[in-house]
Structures are given as structure tokens and as C-alpha cells.
Amino acid sequence: MKRIVFSLLAALAFALGARAQNYDYVPRETWPYLLEEFTPGVVRTPGGVDRPQGLFNICVVDGKLHYVDNGIIMEADMRQVQVARIGSSVYVNRMGRMVKIISEESPANYLALSTYVDFDKLGKTEIGYGATSATASSLRLNNLGLSSATVSMELEAAIVESRDGMELPLKEKYFFVLGPREVETRKNAVMDYPGLDKAAFKAFLKQEKIKWKDPESLTKVLHYLVENTK
């Protein structure tokens, strides 16, 4: 199995490398992926079993994990995915959507980032003279469906078409996972976290000059919450 994977990697290395040169990557209808290319990784199941190394990517339309099987793009059964290490990044399955772990205090306490299609922006489809068409927008959204059009395609064929099609506007959302709780990365949301000393937390925010859209600041907030709440 490893030989097959490494042979595929070698065969695609030149094509993927050439595609990346002088090219600012943007997900498209024809390549609706978080990563510019399928990347070596390992998946762990909810039972704690590591699957053999493979090539993986994440669909920004629905957050599902896609993989390559004998040169064909496939969609993973999300019930069998708990965590995926893709390249140097770690992604965790949250309610059927893969999200990236930005920083981690423990397996149960971490800062995550969800990247997904901005459907509101996508729905504003220009048809000329600055006008938009609800019908055209609806068709575009329906064409995306709940999974990528690349599923069941040969990887090499999908790569050829990857620069065609409409660009997909994206949104990013940071959030804290604190045990069983999911907390928005907003001051008011965090202030309501159980067991938090609000006065002390406000002093911490002022001292550290916390910026709520900065991952480094959010990492400090995560550490504070883990250390100062029960």
C-alpha cells in the first residue's frame, strides 16, 4: 500500500509543482478544496486506529474529507474520521466538518478554524450592468450540491480542470473547544463562560492587548481559560 502511495506521489510531483508556480491559489467550482493539492496524511478513526498513509484534501463546500484511491478522488465516510493529519496541519471532525486546530492545550481544549464557502457572497451573481439574478445564483448553489463535483473523478483530470470555473468566496471562523463546549471567539461570548472571574479576565485582556481576530491573541485566551476555569 505504501509503495502505491509513494509511486503516485512521485508521478504527480512534477504536475503539482508546475501548477503551483506563479499562481495564487483560489478554490473554484472545479477544485473546491482548502488545499491547492492533495497532500500526504494519516486519518485516525473514532476507535483510535490510524489508517494507512494516503493523499487527502478538504472540500470547502461541506467540510468533508476527500482522499485518493487508485488515482480516483473519493469522499470519506465522516463517521469513520475523528482526526486527520494532513501535511504539517491537524484537522478534527466537528459535526461532520473538518476544522483546523490552530493551537491546543489538550485533546479536549483547543482553538479551531473553520473555512467554508461564503454562500451569501456567492449568491450575488452579476449578470450585467451591476444587476444580480436570483435564478442564476440558485443554479450555482445547486450545482455545488452537498459534495464536490470532483468526487469519482480521476485526480489527474481534476487537476487539469482545476483553474477553470468560478472562484469560491470563503469565510473563516475561529472558535474555542473547551471540553464539551464550543465557544465563539468574541469577548461577550467568552465572558459568559462558566467559572470565569470576569474582573480578572478583563484585566488580562487589557494587559495582553487581546485582538479577537488574531490567532496569537486567541491562543493566549485559550491558555487563560484552561488555566483559570474549572
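The values are calculated or read from the model by the stated rules, or taken from the named source; none is laboratory data. Since we're looking at a predicted model, the values are computed, not measured. Heads up, the Cβs are rebuilt from the backbone with ideal geometry, glycines too, and the neighbour counts pull from every protein chain shown.
A few remarks follow.
- Test: residue in the stretch 187-209 that is within 30 Å of E37 (Cβ to Cβ), at pLDDT 90 or above and either part of a loop (DSSP other than H, G, I, E, B) or not charged (D, E, K, R) (or both): no
- Scan the stretch 92-116 for residues that are under 24 Å from E167 (Cα atoms) and of a type in the set (V, I, T) and the total you get is 2.
- Qualifying residue in the stretch 94-105 (condition: outside any strand (DSSP E or B), over 30 Å from Y193 (Cβ atoms) and assigned by TED's automatic domain parsing to the domain that holds L168): no
- The stretch 71-84 residues that are within 24 Å of A157 (Cβ to Cβ) and exposed (fewer than 15 other Cβ atoms within 10 Å of the Cβ), paired with ones that are basic (K, R) and modelled with pLDDT under 95 (beta carbon under 7 Å, 6 or more apart): none
Residue-by-condition table, conditions (1) in a strand (DSSP E or B); (2) closer than 15 Å to V99 by Cβ; (3) at pLDDT below 95; (4) not assigned by TED's automatic domain parsing to the domain that holds E156:
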site: E36; (1), (2), (3), (4): no, no, no, no
site: P40; (1), (2), (3), (4): yes, no, no, no
site: P46; (1), (2), (3), (4): no, no, no, no
site: L55; (1), (2), (3), (4): yes, no, no, no
site: I58; (1), (2), (3), (4): yes, yes, no, no
site: D62; (1), (2), (3), (4): no, yes, yes, no
site: Y67; (1), (2), (3), (4): yes, no, no, no
site: I73; (1), (2), (3), (4): yes, no, no, no
site: R79; (1), (2), (3), (4): no, no, no, no
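- Test: residue in the stretch 132-145 that is at pLDDT below 95, part of a loop (DSSP other than H, G, I, E, B), surrounded by 17 or more Cβ atoms within 10 Å (Cβ to Cβ) and not assigned by TED's automatic domain parsing to the domain that holds L218: no
- Filter pass, V226 being part of a helix (DSSP H, G or I), among the β-branched types (V, I, T) and either crowded, with 16+ Cβ neighbours inside 10 Å or touching a strand residue (DSSP E or B) at 6+ places or on another chain (Cβ under 8 Å) (or both): yes
- Residue list for the stretch 45-69, filter: surrounded by fewer than 18 Cβ atoms within 10 Å (Cβ to Cβ) and in contact (Cβ under 8 Å) with a residue 40 or more places away in the chain: P52, Q53
- Residue count for the stretch 69-95, restricted to those that are of a type in the set (K, R) and either in contact with a Lys or Arg (Cβ under 7 Å, 6 or more places away or on another chain) or over 22 Å from A112 (Cβ atoms) (or both): 0
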